[in-house]
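Here's the structure we're looking at; comments come further down.
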Amino acid sequence: MAKVGDVGAIYGEHAEDTSLLKFHLVNTEQTRNTANELINKMYSGRGYGSNHDIHTSPQRLTLAVSDHAKILGTITVNLDSEVGIHSDENFKDQIDLYRSQGRKVCELIKFAFKPDIFGKQVGAALFHIAFIHIRYFHKCTDLFIEVSPKHCRLYERMLGFKQQGDKKLNLRVNNPSFLLRLDLHYAQEQIRHLAGSSNKCGNENSLYPYFFALKEETEIKNKLSSLRHKSECVA
């Protein structure tokens, strides 16, 4: 499978706080190495180990935000395949319940940010770009993520994730974690009703008002679709 290609700064100026930031794909050795350094620095500081790597795979897409000089934050989308997803290691029974219903699952992994730049605008932009990929291009219905107990309420309150099953030890980071699930139809509806309204609604309990407005979402979707088509043609 061909790489999607570097999307550069096609996402534009989402908000004043992000106007100097670039949202892009991690698809070169240099950007992967830089993202790995950030992940290991952030993870080791929280006691999650320091031997984590972003592996290239047709099922994975890594997004990053940078200031044009260095990567400041990164997240990886892991699509389901014949080998499954990371969360199957501890929570396969729960995930299989959704697979058995004919639903298409995926997960978010390797989420790391420098704390001084992770605001609502930046987080919302990165999550929205990931959403566009998994929902519109890969037709996923359910998004899973493993998080530490202290972060569960944040994901539940701000994005609508729901806890699945009991807490278990995540051996990849040697810490306990819960499995959370986001119904992507629910997320799509929240985006449709709330995206781009952060200056109006004053809802501090949701990240969706900070997502791209629907017109911006359509522009991003079209540009990404064009890049995907070009990369497939030259594969």
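The values are calculated or read from the model by the stated rules, or taken from the named source; none is laboratory data. Keep in mind that this is a model prediction, so the values were computed, not measured. Quick reminder, even Gly has a Cβ in these numbers, built from the backbone with ideal geometry, and neighbours come from all protein chains shown.
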>> Restricting to the stretch 159-175, and then to whatever is free of Cβ contacts under 8 Å to residues at least 40 places away in the same chain and loosely packed, with under 14 Cβ neighbours inside 10 Å, can you tell me which residue is nearest to LYS139 (Cα to Cα)?
In response: LYS162
> Looking at LYS92, LYS120, which is the one that is closer than 20 Å to LEU143 by Cβ and modelled with pLDDT under 85?
Replying inline: LYS120
>> If I ask for residues that are within 23 Å of LEU207 (Cα to Cα) and at pLDDT below 60, which ones from the stretch 15-53 would you list?
In response: ALA15, GLU16, ASP17, THR18, SER19
> closer than 30 Å to ASP93 by Cβ, buried (at least 16 other Cβ atoms within 10 Å of the Cβ), modelled with pLDDT of 90 or more and more than 16 Å from the chain's Cα centre (by Cα) - does that describe any residue in the stretch 133-149?
Replying inline: no
> Of all residues in the stretch 176-221, which are touching a Leu at 6+ places or on another chain (Cβ under 8 Å), without any contact (Cβ under 8 Å) to a residue 40 or more places away in the chain and of a type in the set (Gly, Ala, Ser)?
Replying inline: GLY196
> Does the stretch 109-122 contain at least one residue that is in contact (Cβ under 8 Å) with a residue 60 or more places away in the chain, under 30 Å from LEU21 (Cα atoms), part of a strand (DSSP E or B) and not small (Gly, Ala, Ser)?
Replying inline: yes
